[in-house]
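Notes for the one structure printed next.
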Amino acid sequence: MTGIVHLRGARSSLVVGLGPGTPPILHWGARLPDDTGSIEAATGPAIPQAGLDEVVRVTVVPSGAEGWTGHPGLEGAPSWAPIMACQGHELDGSTVTLRLADATAGLGVTVALTMDPRTDVLSVALALTNDGAEPYRIGGLAATLPLPWEASEALSFTGRWCREWHEQRHPLGVATLVRENRRGRTSHDNSPGLVVGSPGFGERHGEVFAAQLAWSGNHVLRVERLASGLAYLQAGELLLPGELTLEPGERYETPVLYAAYSPDGLAGITASFHAFLRARPGHPQRPRPVIANTWEAVYFDHDADRLAALADAAADAGAERFVLDDGWFRGRDDDTAALGDWFVDERKYPDGLHPLIAHVRSRGMEFGLWVEPEMVNPDSDLYREHPDWALGGPDPRLGRHQLVLDLANPDVRAYLLGRLGALLDEYPIAYLKWDHNRDLVRSYGHAQTLGAYRVLDELRTRYPGLEIESCASGGGRADLGILARTDRIWPSDCNDALERQRIQRGFSLFLPPELMGAHIGGPRSHTTGRVHDLGFRAATALFGHLGIEWDLTAASPSERAAVAEAVALHKRLRPLLHSGDVVRLEYPDPAALAHGVVAADRRHAVFAYAQLGTSETTVPVPLRLAGLAEDTRYTVTPLRIGGDRFGPMKSRPAWLTGGSVLTGGQLAAHGLALPVLHPEHALLVELTAQ
Ligand code: DGJ
């Protein structure tokens, strides 16, 4: 090797070796001194018995031709094991770009590595060019990062419709953990992110390494511990056989892999990713308007008077944005027809949307509209006119009675931009709820994902103030690729507060609360049938980008007053909730969850304790808080929404009457004694520095 490049964050380092061969990654992990001394000599592994007479390291594009027995960084044909020699590099601030090539194979790769010095988020982006004379069929091009051997436990997400973002742990032996998404959209069950760390890593302990692939199509995440003692993490787009061929001169760019290291558990990963996302120029800046969404209030039953009354009730409750969900366009009376026909239904809206929008705006709210542009129902004028615009071949499979439009086709994109543009030109629409309700089957995903990105990017360029929500049957498209062009995620169609407690906790690992839609639904959950008090529903939704999804016109006056109370509380706390540090507490009782948000200056915080089921103990284990300033004295105030209905109790801890003062150190050491709560109830606590 002839040198190294050392990229530094505040608490992590990445060191890449430079020389004629493929650059090895000598270190990714704890922050190193500026002078890395003899790092190359110290990290060069021994040559094993019964193996090649070569030193094998984790490189930026590991190749079997170098003796690498893990998964290759680049797969393809005809050159299936190219060796990417380093041609040179450029160092520009916190970014190093490595130029690699295999002259014999006629392939070139650039690898751009950036360590964001403020947040410690490392980004890895690769590009492949076909410099040869023959076509090159790409099997995959993935970002590869080394892991220490101690990283022997992984956390990944699983889920399904109405049960997204559930964490699962995987002990790792000498084995490979592979998470593949083949649904063509990001998916409910294979989120493109994971964490690997020391065994038993938790919120505030353990050395952890996390990664998120910014891509909304098929992907593969891989963690492998090799018998040689090397371990690595790899992520990239999953390309189906024959999906991508580079003609001579053509280039393929990978989605960006974002990664972070934390020496002190998951809290550090959350801090890095939240700070990184919040620092993006496109991150929502103004307060997140409280939403009233019509879906669970009226479904497809769009009646102008009823919607106006709903808008009135929403405005009275303090809503700031009224979102007209599915059912407004020509022929859309249920989910079997009309997708693609993006014209206002004259039967339901004889004067177009003008009267409703005028009413909504006269009540001080913005107007938002639901769309699902990538889809078409066979029973639609669009499909009858352009059956060839649908993907899936001659015998396509339906999902929710619909097909997927081919967004690689410029005519399709032009049609969608034309229709959406016409709506946005005619009406003052501040927000689109952009849905995607089925998987891709019998079709490739690469060009489709890029096509969707192009439509979204073009719309945002043409309508700079427009906000967009990413929804896909709930949380089926939640990733950093879609978030580069949208302003919020709908994490789940489940508004059941009990389910939402876990869903939102998982969501918060990588994504900040201001990007997380969270609605107060009706008393009986439409997706689970459970009945919850308003206090629990509101205390759960309060922490996200708040909304109401409930037919408030049918609610009692006291319920409406309580919703207004919850909305007012959210608005008061919103500056804290949407800028502070998310703290997930490790409460010892599995029958409860606890979390909070602490302001950056540590002078204000709010915590929630949610009783999910019955506890083992008769008296709840005290709530020990984290993230507060050790010596700061806080006034501790319980918050109430919609009355105090925690259930019958003989006595309550004295601090619940208010006025207690405790230091952050005390709140961490002995914590707060808790009242006995009925299952599926929550307690909110506000802390204000004296
Ligand atoms: C699925 C979404 O997740 C729901 O919120 C709603 O918008 C429906 N689609 C409408 O069809």
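A few points about this structure:
- The single condition among (1) within 16 Å of the ligand (Cβ to nearest atom); (2) touching a Lys or Arg at 6+ places or on another chain (Cβ under 7 Å); (3) open to solvent by 40 Å² or more (accessible area, probe 1.4 Å) that Asp312 does not satisfy is (1).
- Some residue of the stretch 185-192 being over 14 Å from the mean Cα position of the chain (by Cα) and either at pLDDT 95 or above or open to solvent by 30 Å² or more (accessible area, probe 1.4 Å) (or both): no
- The single condition from (1) more than 19 Å from the chain's Cα centre (by Cα); (2) open to solvent by 30 Å² or more (accessible area, probe 1.4 Å); (3) touching a residue at least 40 places away in the same chain (Cβ under 8 Å) that Leu126 fails is (2).
- Given (1) touching a Lys or Arg at 6+ places or on another chain (Cβ under 7 Å); (2) of a type in the set (Gly, Ala, Ser); (3) away from the ligand (no atom under 15 Å from the Cβ); (4) farther than 30 Å from His205 by Cβ, number of the condition Ala338 does not satisfy: (3)
- Hits in the stretch 450-502 - residues which are within 17 Å of the chain's Cα centre (by Cα), under 26 Å from Gly529 (Cα atoms) and more than 16 Å from the ligand (Cβ to nearest atom): Gln501, Arg502
- Screening Val441 against (1) part of a helix (DSSP H, G or I); (2) β-branched (Val, Ile, Thr); (3) open to solvent by 40 Å² or more (accessible area, probe 1.4 Å) leaves a single unmet condition, (1).
- Looking across the stretch 397-416, the residues that are part of a loop (DSSP other than H, G, I, E, B) and surrounded by fewer than 16 Cβ atoms within 10 Å (Cβ to Cβ) come down to Arg397, Leu398, Arg400.
- Residue match in the stretch 41-56 (condition: under 28 Å from the mean Cα position of the chain (by Cα) and not small (Gly, Ala, Ser)): no
- Any chance Gly173 is surrounded by 17 or more Cβ atoms within 10 Å (Cβ to Cβ) and either farther than 22 Å from Asp435 by Cα or outside the structural domain of Ala497 (by TED's automatic domain parsing) (or both): no
- Some residue of the stretch 616-631 being open to solvent by 20 Å² or more (accessible area, probe 1.4 Å) and on the phi > 0 side of the Ramachandran plot: yes
- The strands (runs of 3 or more DSSP E) located wholly in the stretch 1-102 that include 3 or more residues which are in contact (Cβ under 8 Å) with a residue 24 or more places away in the chain and open to solvent by less than 40 Å² (accessible area, probe 1.4 Å) occupy 3-8, 12-18, 25-30, 74-77, 95-102.
- Here Arg419 clears all of (1) under 21 Å from Arg288 (Cα atoms); (2) surrounded by 18 or more Cβ atoms within 10 Å (Cβ to Cβ) except the condition numbered (1).
- Within the set Asp333, Asp305, the sole residue that is surrounded by fewer than 24 Cβ atoms within 10 Å (Cβ to Cβ), of a type in the set (Asp, Glu) and more than 15 Å from the ligand (Cβ to nearest atom) turns out to be Asp305.
- Every condition in (1) in contact with a strand residue (DSSP E or B) (Cβ under 9 Å, 6 or more places away or on another chain); (2) within 30 Å of Ala447 (Cβ to Cβ); (3) open to solvent by less than 60 Å² (accessible area, probe 1.4 Å) is met by Asp345 except one, and the failing one is (2).
- Answer residue from the stretch 369-395, given it is open to solvent by 40 Å² or more (accessible area, probe 1.4 Å) and in a loop (DSSP other than H, G, I, E, B) and is farthest from the ligand (Cβ to nearest atom) among those: Pro394
- Filter result for Ile269 (more than 16 Å from the ligand (Cβ to nearest atom) and buried (at least 21 other Cβ atoms within 10 Å of the Cβ)): yes
- Candidate set: the stretch 497-548, residues that are surrounded by fewer than 24 Cβ atoms within 10 Å (Cβ to Cβ) and charged (D, E, K, R); chosen: the one modelled with the lowest pLDDT: Asp533
The values are calculated or read from the model by the stated rules, or taken from the named source; none is laboratory data. What you see is a predicted model; the values in this text were computed from it and never measured. Counting neighbours? That spans all protein chains shown, and the Cβs are built from the backbone with ideal geometry, glycine included. For accessibility, only protein heavy atoms count, side chains too; no ligands or nucleic acids. Shrake-Rupley method; radii C 1.70, N 1.55, O 1.52, S 1.80 Å.
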